[in-house]
Amino acid sequence: MQILTTLPDLQHWQTQNRAQSIGFVPTMGALHEGHLSLVEASSAKDDATIVSIFVNPTQFNDKSDLEKYPRTLEADLAMLDTKNVDAVFAPPEDVIYPSEGFKVPDFELTDLTNVLEGAYRPGHFDGVVQVVYRLLDLVRPDRLYMGLKDYQQQAIIAAMLRQSDFAIQLIPVSIVREEDGLAMSSRNRRLTPEQRLIAPTIYQTLQQAQADWIAQFLPTSIQAKAISTLEQAGFQVDYFEIVEATTLESVELFDESVDAIACVAAYIGDIRLIDNLQF
Ligand code: PAF
């Protein structure tokens, strides 16, 4: 596994792998099983897999969240070394954001970026689009692997790719859950033992919402019931919404032909967890 930190390193690796299909897994480190499932999906499909580790400052609307974000490069590299990873691109900030010569095209994404997470984290998705575009422009993979836990993120990147000149296929990878249903996340390691016991309520609430959707309950009443369950368990809920899977528009009425997905964000203590379930 090669560790690349500069553009010449990356270009040299690309020259070595020119004849191969390249799968790319962008990350911010603090790796867990969820990330490894992306790596496995890539190494199963592509000839060479490259993982990036870069904690992107522009996607943190809350600067204290950026400071608290775990930086565990040594442990991350050790984990990746157990997998079929060909290269890790871990650049310093000035490689990703040079003072000149880099501009992200104007994409029309506001309908997707202003809702759900975007309504609570202003500017977050602008930062995500900026860094993913930059990374794709540098790495030039054939396929991009992204986890479905950040459902809105992958929907936005899918829309960005459709509007871009890149010939890159996005491969969404299923959420990896703990045995009790909690979606794997770098933030889970900050949960106290008491919070960890309560945290799976999020997934249980999503499953109940799915059952209620199948029973053709009104989306507004499904949402109200889910929020009340979460609040009773001790969460402070930012949103629990049922939306259409591609446009992320709110679903107002049951319709079995609609590709509906429930998305939730809720705090337990000061830890914000997100999850989703496609109905
Ligand atoms: O999902 C993440 O870890 C980040 O948002 C990403 C896609 C690596 C961009 O910084």
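Global dimensions of segment 21-82 from alpha-carbon coordinates: Rg and Dmax equal 12.9, 39 Å.
In the chain, Rg over Rh equals 0.97, where Rg is the alpha-carbon radius of gyration and Rh the Kirkwood radius from pairwise Cα distances.
As a size descriptor, the averaged projected area of the C-alpha convex hull of segment 58-148 was calculated at 7.7 nm². To the nearest Å, what is the center-to-center distance of segment 133-172 and segment 199-224, using C-alpha atoms only? If you average the Cα positions of each part, the centres end up 30 Å apart.
Cβ under 15 Å from residue 103's Cβ, residue 103 left aside: what net charge do those residues give with Lys, Arg +1 and Asp, Glu -1? Here the count lands on -4.
Residues whose amide H falls under 5 Å from that of residue 147, counting only those 5 or more places apart or on a different chain, are 173, with hydrogens built in the peptide plane. Averaging 1/r over every pair of different alpha carbons in segment 75-210 and inverting the result gives a Kirkwood radius of 17.5 Å.
Could you order 246, 6 by accessible surface area, starting with the largest, using a probe radius of 1.4 Å? Don't jump to the answer; show the numbers that get you there.
Numbers: 246 80, 6 55 Å².
Descending order: 246, 6.
What pairs in 45/225; 63/149; 63/225; 103/149; 68/225; 68/149 have C-alpha atoms more than 31 Å from each other?
Working: 45/225 41 Å; 63/149 23 Å; 63/225 33 Å; 103/149 28 Å; 68/225 33 Å; 68/149 21 Å.
In this structure, 45/225; 63/225; 68/225 lie more than 31 Å apart at Cα.
Summarising the label geometry, the points placed 7 Å from Cα in the beta-carbon direction at residue 190 and residue 45 lie 3.1 nm from one another. A Cα-only calculation for segment 1-131 places Rg and Dmax at 15.9, 43 Å.
How large is the helix-only mean residue ellipticity at 222 nm for the chain, computed as the sum of -39500 (n - 2.57) over DSSP H runs with n ≥ 4, divided by its residue count, in deg cm²/dmol to the nearest 500? Could the numbers behind the result be given before it?
Details: 12 runs with 114 residues, N = 279.
Value at 222 nm, helices only, nearest 500: -12000 deg cm²/dmol.
For residue 246 and residue 177, what does the FRET efficiency come to when R0 = 35 Å and r is the distance between their Cβ atoms, rounded to the nearest 0.05?
Numbers: r = 24 Å, r/R0 = 0.68.
That pair, residue 246 with residue 177, gives E of 0.90.
Hull volume per residue, based on the alpha-carbon atoms of segment 129-269 and their convex hull, is 130 Å³.
Each label was represented as a point 7 Å from its Cα along the Cα-to-Cβ direction; for residue 5 and residue 163 these points are 3.6 nm apart.
The values are calculated or read from the model by the stated rules, or taken from the named source; none is laboratory data. Remember, it's a predicted structure, so these values are computed and weren't measured experimentally. Ideal geometry is used to build each Cβ from the backbone, glycine not excepted, and the neighbour counts take in all protein chains shown. For the accessible areas, the whole protein counts, side chains as well, though only heavy atoms, and no ligand, DNA or RNA atoms are used. Shrake-Rupley method; radii C 1.70, N 1.55, O 1.52, S 1.80 Å.
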